1. Condition first: within 14 Å of chain A (Cβ to nearest Cβ), in a strand (DSSP E or B) and hydrophobic (A, V, I, L, M, F, W, C). Now tell me which residues in segment B:93-112 satisfy that.
2. Please determine, by comparing only the residues of segment A:56-95 that are within 11 Å of chain B (Cβ to nearest Cβ) and either under 15 Å from A:Arg9 (Cα atoms) or touching a Ser or Thr at 6+ places or on another chain (Cβ under 6 Å) (or both), which one is surrounded by the fewest Cβ atoms within 10 Å (Cβ to Cβ).
3. Looking only at segment A:72-112, how many residues end up being among the β-branched types (Val, Ile, Thr) and part of a strand (DSSP E or B)?
4. Going residue by residue through segment B:17-25, is there one that turns out to be in contact (Cβ under 8 Å) with a residue 40 or more places away in the chain, part of a loop (DSSP other than H, G, I, E, B), surrounded by 20 or more Cβ atoms within 10 Å (Cβ to Cβ) and within 11 Å of the chain's Cα centre (by Cα)?
5. Yes or no: segment B:61-83 includes at least one residue that is of a type in the set (A, V, I, L, M), surrounded by fewer than 19 Cβ atoms within 10 Å (Cβ to Cβ), farther than 21 Å from A:Gln44 by Cβ and under 14 Å from the mean Cα position of the chain (by Cα).
6. Could you tell me which numbered condition A:Gly106 fails, if it satisfies all but one of (1) loosely packed, with under 14 Cβ neighbours inside 10 Å; (2) in contact with a strand residue (DSSP E or B) (Cβ under 6 Å, 6 or more places away or on another chain); (3) at positive phi; (4) not acidic (Asp, Glu)?
7. Just to check your reading of the model, which residue among B:Val37, B:Val11 is closer than 24 Å to A:Ser93 by Cα and among the β-branched types (Val, Ile, Thr)?
Amino acid sequence: KAGVTQTPRYLIKTRGQQVTLSCSPISGHRSVSWYQQTPGQGLQFLFEYFSETQRNKGNFPGRFSGRQFSNSRSEMNVSTLELGDSALYLCASSRGTSDTQYFGPGTRLTVL
Amino acid sequence: AQSVTQLDSHVSVSEGTPVLLRCNYSSSYSPSLFWYVQHPNKGLQLLLKYTSAATLVKGINGFEAEFKKSETSFHLTKPSAHMSDAAEYFCVVSDNDYKLSFGAGTTVTVRA
């Protein structure tokens with residue numbers, strides 16, 4: 001069974017731009033969660049989607065948003081990029097919200 | 001609220017010797033606990049999880065962890081380290097809304 005896939009793997013943007021990251025969950029998984037990983041703050045929860053509805057949200061500004069499609073694929077968007085948004089963004093999928101999460105390889109975003 | 005403290009930011013061992021990674025948690029209820037491993041430039045891989053069944057949990061690649069409620073600990077061990085074990089390890093707790101909270105991580109170095 002294919003694992004969680006994330007595209008693109010690497011991105012370089014400049015301040016003020018916006019970016020969209022994509023995540024395809026493991027087949028049969030309906031829950032997708034997003035995390036930000038930085039050297040200073042570690043791994044932090046962004047949000048979780050289940051059946052196209054945002055079920056949980058972490059403490060991030062409104063510039064960070066997401067959505068989930070009917071096929072469970074998810075996208076996250078960051079608008080008005082700041083230097084501090086440079087990070088590895090990880091997506092994880094699970095069968096349901098209470099099930100074990102399996103992570104993708106991440107998207108490395110660099111903001112210049 | 002739940003939180004995780006990994007007591008060592010870096011552990012260095014010789015190949016073939018035991019590995020011990022220490023984790024303490026705080027939680028207001030019976031938690032689910034996990035250990036994930038992250039190799040350089042890769043996503044997180046689940047090593048093992050505890051969900052209130054047996055207190056000694058066996059995982060992949062020879063790792064195991066023991067849940068001790070009285071000590072609020074969930075330490076990870078492996079009897080004999082291999083070069084391929086060099087990576088960063090995260091202790092994780094799941095809250096009652098299934099959001100994951102990550103420890104700061106322990107970097108493991110294996111000396112030949």
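1. Taking segment B:93-112 first, the residues within 14 Å of chain A (Cβ to nearest Cβ) are B:93-107.
Add one more test, that the residue is in a strand (DSSP E or B), and what stays is B:93-94, B:100-102, B:106-107.
Of everything in segment B:93-112, those that are within 14 Å of chain A (Cβ to nearest Cβ), in a strand (DSSP E or B) and hydrophobic (A, V, I, L, M, F, W, C) turn out to be B:Val93, B:Leu100, B:Phe102.
2. Once the filter is applied, the top-ranked residue is A:Leu88.
3. Here the count works out to 4.
4. No - not one qualifying residue is present in segment B:17-25.
5. Looking only at segment B:61-83, we keep the residues that are of a type in the set (A, V, I, L, M), and these are B:65, B:76, B:81, B:83.
Restricting the remaining residues to those that are surrounded by fewer than 19 Cβ atoms within 10 Å (Cβ to Cβ) gives B:83.
Next, from what is left, pick out any that are farther than 21 Å from A:Gln44 by Cβ: B:83.
Now drop any that are not under 14 Å from the mean Cα position of the chain (by Cα), which leaves none.
No, segment B:61-83 contains no residue that is of a type in the set (A, V, I, L, M), surrounded by fewer than 19 Cβ atoms within 10 Å (Cβ to Cβ), farther than 21 Å from A:Gln44 by Cβ and under 14 Å from the mean Cα position of the chain (by Cα).
6. (1)
7. On the way: B:Val11 fails: closer than 24 Å to A:Ser93 by Cα.
The match here is B:Val37.
The rows are residues; the columns are (1) more than 14 Å from every other protein chain (Cβ to nearest Cβ); (2) farther than 23 Å from B:Tyr50 by Cβ.
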position	(1), (2)
A:Gln6	no, yes
A:Gly16	yes, yes
A:Val19	yes, yes
A:Ile26	no, no
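The values are calculated or read from the model by the stated rules, or taken from the named source; none is laboratory data. All figures in this text were calculated on a predicted structure; none of them were measured in a lab. Reconstructed Cβ throughout: ideal geometry from the backbone, glycine too, with neighbour counts over all protein chains shown.
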